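Step one of this worksheet: look at the structure below.
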Amino acid sequence: MIYDGSMLATFKHIFTPRTSNNRHPRIIHPEGLLALSILTITFQFALKFATLHTPLGNVLGYSSSITSSKVLEQINAQRSESGLVPLVTNGKLEQAAIEKGKDMMEHGYWAHISPEGKDPWQFIQAQKYTYTSAGENLAKDFAETEAMIRAWMNSPTHRANILDTRFTETGIAVVDGQLDGVETTLVVQMFAHPSQQIAIITEPDIAQATRTSESTELTPELFLQSSPNAQPSMGKNLNPDVMSAQVVAVEDAKLAFLSPLQISKAVFLAVITLLIIVLLYDAYLERKYHTIRNVGKNIAHVSFLLFVGILIVILKGGTLL
């Protein structure tokens, strides 16, 4: 067979075993794999550049599609399913969460307490917010709000914060940046009940609060605090910052429709799928025509690529704290 250079012939030359490629698809030759690797890496650099330095970043987001408003919506949906009142966004708690996220990025740590010993409550108190109880949930490396909320709800300590009857207000920050040199998204959610108001508590609520305080309030994993200096006041709260502040965090100004992390996964999985299809077709023709080759077995290559593909799907599932 003569390789005529046409588009169809080129396609067959690259993806199917033929005389022109010595009965071995060009894409699985060493130079073909090298070219495919270079193209994939170039695409990743282009995606990163587009995300950070072009208007396309407003569509792609930074490293996830998570926004504060989505987190609040889904947290309140979980509370509603349990018969609890929704949390209200408070501007001071929002700013406390933003500052906590920035602090972790700037000082390179992933913990409730900073290496300098700064705990979450100091960020809340710095915003002049007083409370009777407070809590904190952290998450990182999640690409989608739904996956993060599921992980929180599957964790007993994080779930306890989300469904705590004492909490009435929240502040959420979604912070994109580098942590220890790795691009990621940190989600910080502060929970609290302001000391300026008293919630109406039913007998079942009292029983649940008693059980919670007896079993989990002092555990570091839950990270819940009741303020010893709280000064509850009767009646309606007269501080408009506490009751009506609906501040949209900086992270929500950029609504992410697509996630670069998900795009990267899709590209890598597409490349792996393409190689698996080529190898399986090549193995089929090799068996059909009894072709003898001094190269590795296609089945072994397919098994390795399947393993890599599974790793890509599993990895970067996000972590909680």
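The values are calculated or read from the model by the stated rules, or taken from the named source; none is laboratory data. Predicted model only: the values in this text are computed from it and were never measured. All Cβ positions, glycine included, derive from the backbone under ideal geometry; neighbour counts span all protein chains shown. Side chains included, ligands, DNA and RNA excluded: accessible areas come from the protein's heavy atoms. Shrake-Rupley method; radii C 1.70, N 1.55, O 1.52, S 1.80 Å.
Assorted remarks:
- Here r is the Cβ-Cβ distance between ILE299 and HIS29 and R0 is 30 Å; the resulting FRET efficiency, rounded to 0.05, is 0.95.
- By accessible area with a 1.4 Å probe, ligands and nucleic acids excluded, highest first: order of GLU183, GLU73: GLU73, GLU183
- Computed over protein heavy atoms with a 1.4 angstrom probe, the accessible surface ordering of LYS100, LYS92, LYS288, largest first, is LYS288, LYS92, LYS100.
- The modelled label-to-label distance for the pair ASN154/VAL182, using points 7 Å beyond Cα in the direction of Cβ, is 1.9 nm.
- Spacing of the two label points (7 Å from each Cα toward its C-beta) at GLN122 and ALA9, in nm: 7.3
- Rounded to whole Å, sorted largest first: equivalent-ellipsoid semi-axes of region 114-189, Cα gyration tensor: 22, 19, 10
- Spin-label model, GLU144 to TYR289: label points 7 Å out along the Cα-to-beta-carbon direction sit 4.3 nm apart.
- Percent carbon-and-sulfur accessible area, region 97-136, ignoring ligands, DNA and RNA, probe 1.4 Å: 48
- Stretch gain in nm, segment ILE113-SER82, where the contour uses 0.36 nm per residue and the Cα spacing is subtracted: 8.1 nm
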